[in-house]
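The values are calculated or read from the model by the stated rules, or taken from the named source; none is laboratory data. All values reported here derive from a predicted model rather than from experimental measurement. Every residue, glycine among them, receives a Cβ derived from its backbone with ideal geometry; neighbour counts consider all protein chains shown. The area values use the complete protein model at the heavy-atom level, side chains included, leaving out ligands, DNA and RNA. Shrake-Rupley method; radii C 1.70, N 1.55, O 1.52, S 1.80 Å.
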Amino acid sequence: MMMKRFFFLYLVCCAFAATIGAQTEVLQTARLTNDYFMAKYSDPTIPTNVKRIRPSSLWTRAVYYEGLMALNAIDPQERYVDYALRWADFHQWTPRNGTGTTHADDQCCSQTYIELNLLTGKGTLEPAKENLQKQMATGRADYWTWIDAIQMAMPVFIKMYAITNDKHYLDYAMKSYRWSRNECGGGCLNVKEGLWWRDADYVAPYKEKDGKNCYWSRGNGWVYAALVRSMSLLSPKSKEYKELCKDFLLMSKALIDCQHEDGFWHVSLVSDVDYPNPEMTGTALFLYGMAWGIQNGLLKDQTYRPACDKAWKALKSCIHTDGFLGWNQGTGKDPSAGQPVTFTSVPDFEDYGTGCYLLGLTEYYKLLTK
């Protein structure tokens, strides 16, 4: 009896040590790529210069800060917060292109403004509020004409609802989401297949060369992440949560069938005829969503945990020794953008890829404690 008990305790200790070791590796990998980014872009106020000058509050950089805030949640460091505060202060806590913008890409930065304000008590949310109120006052809910916009803007409205308890923000977000889902181009979500066309230009009968529908990986990743970032702010008993959760589960079932044996998702989710190579950003966003879904009891561990483990191994293979991320598709709107995507190819923008990577790794880190 004593021997059996000792053996059991030995197995428990081994399992615990393995978990700690895995967590450490994930965290060290996340730190490595973030340190690379912060060193390369040491001044967060400097504009980007890819073909033309753009302020550092543009959507690509805003997505990076989503990842940085997620990293800070599991690895709190004053330098992360200071870096983000310098950025927010420089842009006066205001959406890109001012408070009159209705473009989702311009509003993405407000996600981090809100998180920073709640975390530190610094800054102001008045410009973000003014911006959202001006958009709602137009009476239009048809601004999100491309599915990336769902990630860029929907969590902003729902975050504002969560801190003000003003249901106008939530109602507007849901109305806009439904328009993109059901009406844009006849509806961007193919309910039968559980995947999203990128925008009205790609809605059926848009096909790949093999006759399969064209579903862009990162575009679907944006929606998947938006569902997570929105549901996490809502009561699971609310009708809005249940509505979003239904789509989350629909997508999860479709996505797990698109994962390749090596753990990656490819740029075209159901067709490999033109682009059979791995891709990092979509893979990271799908890991982000699945890891969150398991932790919140929405996805079965025995089904989705192996997919998450494989995705982590795939993402680990993307990082160079200096922290640079390979297999990162550049900006665009379909599988053909930024090709060829390879382990050594340099995308036009690095920032959103780092943000996606950090989102995926930090949520997987939390899953390892489950």
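So what is the relative contact order for the chain, in percent, with contacts set as C-alpha pairs under 8 Å and at least six apart? Normalised by residue count, the contact order of the chain is 19 percent. Ligands, DNA and RNA left out, the 1.4 Å accessible surface of region 206-282 is 53% carbon and sulfur atoms.
Element breakdown for region 83-140 at a 1.4 angstrom probe: carbon and sulfur atoms account for 47% of the accessible area. Applying the Karplus relation 6.51 cos²θ - 1.76 cosθ + 1.60 with θ = phi - 60° to region 170-183 yields 3J(HN,Hα) values of 5, 4, 5, 4, 5, 5, 5, 4, 5, 5, 4, 5, 10, 10 Hz, where x marks Gly and Pro. Normalised by residue number, the volume inside the convex hull of the Cα atoms of region 54-183 is 99 Å³ per residue. Our summary gives region 237-283 a relative contact order of 25 percent, counting only alpha carbon pairs under 8 angstrom and 6 or more residues apart. Close amide H pairs (under 5 Å, H built 1.01 Å from N) link Thr48 with Arg54, Ser56, residues at least 5 positions away or on another chain. What Kirkwood radius, in Å to one decimal, follows from the Cα pairs of region 281-370? So the Kirkwood estimate lands at 13.6 Å.
Computed with a 1.4 Å probe over protein heavy atoms only, the accessible surface of region 23-83 comes to 42 Å² per residue. In sequence order, region 300-306 has phi-based couplings of 6, 4, 5, 8, 9, 5, x Hz under the Karplus curve 6.51 cos²θ - 1.76 cosθ + 1.60, θ = phi - 60°, and Gly or Pro positions carry x. Considered as an equivalent ellipsoid built on the Cα gyration tensor, the chain has semi-axes of 30, 25, 22 Å, the largest given first. Loop-located trypsin sites (Lys or Arg not before Pro) in region 185-234 (DSSP state other than H, G, I, E, B) with a sparse environment of at most 13 neighbouring Cβ atoms within 10 Å: Lys192, Lys209.
Each residue of region 148-161 was assigned a 3J(HN,Hα) from its phi angle through the Karplus expression (A = 6.51, B = -1.76, C = 1.60, θ = phi - 60°), giving 4, 4, 4, 6, 5, 10, 4, x, 5, 4, 6, 4, 5, 4 Hz with x at Gly and Pro.
Rg/Rh, computed from the Cα trace of region 84-137 with Rh as the Kirkwood radius, has the value 0.95.
Across region 130-268, Cα pairs under 8 Å and at least six residues apart give a relative contact order of 24 percent. Around the Cα centre of region 42-148, unit charges on the Cβ atoms of Lys, Arg, Asp and Glu (plus for the first two, minus for the last two) sum to a dipole of about 340 debye. Could you check which residue among Leu250, Leu325, Leu227 shows the biggest mean-square fluctuation in a GNM of the chain with a 10 Å Cα cutoff? Highest fluctuation among the options: Leu250.
Under 15 Å of direct C-alpha separation, and excluding same-chain neighbours fewer than eight residues apart, Lys159 reaches these aspartates and glutamates: Glu66, Glu115, Glu126, Glu130, Asp171, Glu240. Among Thr344, Thr281, Thr60, the residue with the largest mean-square fluctuation in a Gaussian network model of the chain, with springs joining Cα atoms closer than 10 Å, is Thr344.
With all protein chains kept in place, the per residue accessible area of region 195-281 amounts to 38 square angstrom at a probe of 1.4 angstrom. Using a cut-off of 24 Å between Cα atoms, the listed pairs Lys237/Lys313; Lys175/Lys242; Lys192/Lys333; Lys51/Lys316 include Lys237/Lys313; Lys51/Lys316 as exceeding that distance.
Between Gly187, Gly289, Gly139, the GNM of the chain built on Cα springs shorter than 10 angstrom shows Gly139 fluctuating the most.
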